[in-house]
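Notes for the one structure printed next.
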Amino acid sequence: MNMMIDAPAGRLDAAPSAGAGRPHQQLHLQLMRPGDQARWDAFVQRCPEATFFHRAGWQQVIEQAFGHRTWFYYVEQDGQIQGVLPLAQMKSRLFGHALVALPFCVYGGVAALSEPARAMLDQAAQRLAKELGAGHLEYRHLNPAPRAGADWHGSDLYVTFRKAIVADDEANLNAIPRKQRAMVRKGIKCGLQGVVEQDVERFFTAYANSVHRLGTPVFPKRYFALLKQVFGDDCEVRNILRGDELVGGVLSFFFRDEVLPYYGGGMPLAREVAGNDFMYWNLMQAAAARGCRVFDFGRSKRGTGAYDFKHNWGFEATPLAYAYQLHAARALPDVNPLNPKYQLMIKVWRRLPLAVANFIGPFIVKGLG
């Protein structure tokens, strides 16, 4: 079911922009509707600011997997899209009420070709946040973007790790620091192999085991199946095996010349055979052969094991330019496992039987985003 609603005043227009020859038509604010997805994705593909997480398919994923309401705004001029802003409402008794671009995604926010288009999208988001009574509006920009006014707040909690890769396997391997390179070679000597599969069954087993050990609620299996269904070959499920034995698995996204390992996990065996290091090396090899030239190791919080792991692989941390604007809330919520008030919950979660954690987890994680 499509849960989009119309813009508050229908289609919103801006004054025409000046130009040589025939004047441009007005900018028009629209909501993405059935039939718009192909033009939306064509714009995302060519817009320098856009990321995989601006793709139209996220609307279906977020609505169907989690039941959240979405508003996928775009600005059009002369029949051409000039900017997009995908938004979703997160409303939870435990974790607060926010309008986010985009939950369950590490990047997002406005992607536009011009400042007038950016301003129109930003104004639409602010107006919607106010009408919904959201606590705050959140943009997950990859790179710093202009902010309209001084009432936006930043955060230094999150960083991302991105690094260039080349077509030569030996060069990519030598670019990994010596200690982690030795771990990759250990995985190779243990006879590990990577297998691409079309279903998420074995991947989910590795992922669910891993997050349970971390004390983190699990996403529902249907979420991963939906990602694969919606994004097709641009969403890869790669499992790591020793013979017939499952070691780990990683679900990755491909966008332009980038690969983004997004969800991953390992069985207890992974520690013994350097399964995690081999898994990411195996993905890097395959991605380089596919023509990828950027390996995006994704978002991590400062002070975590994931941060240290990626840094030890020779990736440099780059702060993420997330921006927050308060609306109904007086302060931003600190929904962060490093927050001391969540430590007891994490300890209890680790003690739950895996089957119980897998049943309860999806009801909790849908409010986290």
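Observations, loosely collected:
- Residue check for D244: assigned by the TED database to the domain that holds G305, more than 20 Å from G305 (Cβ to Cβ) and either open to solvent by less than 10 Å² (accessible area, probe 1.4 Å) or without any contact (Cβ under 8 Å) to a residue 24 or more places away in the chain (or both): yes
Residue by residue, here is whether (1) acidic (D, E); (2) in contact (Cβ under 8 Å) with a residue 40 or more places away in the chain; (3) open to solvent by 30 Å² or more (accessible area, probe 1.4 Å) holds:
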{"site": "D199", "(1), (2), (3)": "yes, no, yes"}
{"site": "F203", "(1), (2), (3)": "no, yes, no"}
{"site": "A208", "(1), (2), (3)": "no, yes, no"}
{"site": "T216", "(1), (2), (3)": "no, yes, yes"}
{"site": "D234", "(1), (2), (3)": "yes, yes, yes"}
{"site": "R238", "(1), (2), (3)": "no, yes, no"}
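- Tally, over region 121-135, of residues that are more than 15 Å from G83 (Cα to Cα) and crowded, with 22+ Cβ neighbours inside 10 Å: 3
- Criterion: modelled with pLDDT of 95 or more and farther than 27 Å from L227 by Cβ - qualifying residue of R202, R181: R181
- Any hit, region 121-140, residues being part of a loop (DSSP other than H, G, I, E, B), under 25 Å from the mean Cα position of the chain (by Cα) and within 24 Å of P48 (Cβ to Cβ): no
- The residue of region 81-116 that is modelled with the highest pLDDT, among those that are within 15 Å of G133 (Cβ to Cβ) and surrounded by fewer than 23 Cβ atoms within 10 Å (Cβ to Cβ), is Q89.
- Yes/no for K186 being surrounded by fewer than 16 Cβ atoms within 10 Å (Cβ to Cβ) and either part of a helix (DSSP H, G or I) or modelled with pLDDT under 95 (or both): no
The values are calculated or read from the model by the stated rules, or taken from the named source; none is laboratory data. On a predicted model such as this, the values are computed, not experimentally measured, just so you know. Here Cβ is always computed from backbone atoms with ideal geometry, including for glycine, and neighbour counts include all displayed protein chains. The protein model used for the area step is the full one, side chains on, heavy atoms only, and it has no ligands, DNA or RNA in it. Shrake-Rupley method; radii C 1.70, N 1.55, O 1.52, S 1.80 Å.
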